[in-house]
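The values are calculated or read from the model by the stated rules, or taken from the named source; none is laboratory data. Here the structure is a predicted model, which means the values were calculated and not measured. We place every Cβ from the backbone using ideal geometry, glycine too, and count neighbours over all the protein chains shown.
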Amino acid sequence: MAAHLMRVSLRQALKRSANLGAVYNLTNVRHDSTKSPKWNNNNVREDLATAYRGIFEYGLSEGICNHLTAIAPARKGKDYVALVIPYGLHWCEVTPEKLVGLNSNEKLVEGDGEADITAMKIHFGIYRARSDVKCVMHCHMPYATSVACLEKPVLEMIHQNSARFYNRFAFDLGYTGLATADEEGDRLARVLGDKTILFMGNHGVLVAASTIHEAFDTIYYVERACMYQVLASATGKKLNVIPDELCEKISKQFYADKTYMLKHFQAVKRMLSNSDVDAF
């Protein structure tokens, strides 16, 4: 399919979508899925394609590498699949139909192409360990990755974007190279624990969430928090660190009502659906 037709395809899919905020945070997917008709394969595809294109528009992707996945009901049968970009497709080319689906054995069961092996190993390790997670995003965004590359990385609590994630992140300092084995995904899942964000030393950043829109909003604002940290540190002046008690308060305020995450994602959908086809 020509590139401009791919772009038109995404715009049409977004305009067709009757639900801009499909809910994926099902504690027991197999039991509750019949009660949530909005949570279906097509809606998840549309939202995940939006996430790929939105992150590309924000400048947080890297070539044809990095990967976002989301759990969805399979198109056929009663099983579930992890949707992901086929390896080799640029993020600006992603459409709902281009995504491929992998079953729990990491076998391709939907779409054409193949998934990046590192996507399978990293993401499936998280899904195996965290039943609450329905979306995993892994990117090499410049500022957050810069923080992850420090010998002793730390997310300084110097801005409300940083305080939002107070006690919600972990650091992995055990980089072993490309993730090509199940053991590496399982190891990363252990380091992540019950946190939302993993700074992967010498590598990048991973976000695990119960919805696509929460993962999207989180990975965007993690990058913003790290941007302020890197820029402030570059002045050579002493950082003005927010006290722990206030950080805890700020984080609770952010997570008391997460509607803003959905509204951000809806705004990105409108931006993409209203953009001229030549804008990508």
Taking into account only those residues within the range 123-138 that are outside any loop (DSSP other than H, G, I, E, B) and crowded, with 24+ Cβ neighbours inside 10 Å, which is farthest from the chain's Cα centre (by Cα)? 123
What single numbered condition from (1) touching a His at 6+ places or on another chain (Cβ under 9 Å); (2) not in a strand (DSSP E or B) fails to hold for residue 44? (1)
Scanning the range 170-191 residue by residue, those at pLDDT below 95 and surrounded by 17 or more Cβ atoms within 10 Å (Cβ to Cβ) turn out to be 179
When residue 52 is run through (1) assigned to a helix (DSSP H, G or I); (2) aromatic (Phe, Trp, Tyr); (3) surrounded by fewer than 23 Cβ atoms within 10 Å (Cβ to Cβ), the failure sits at (3)
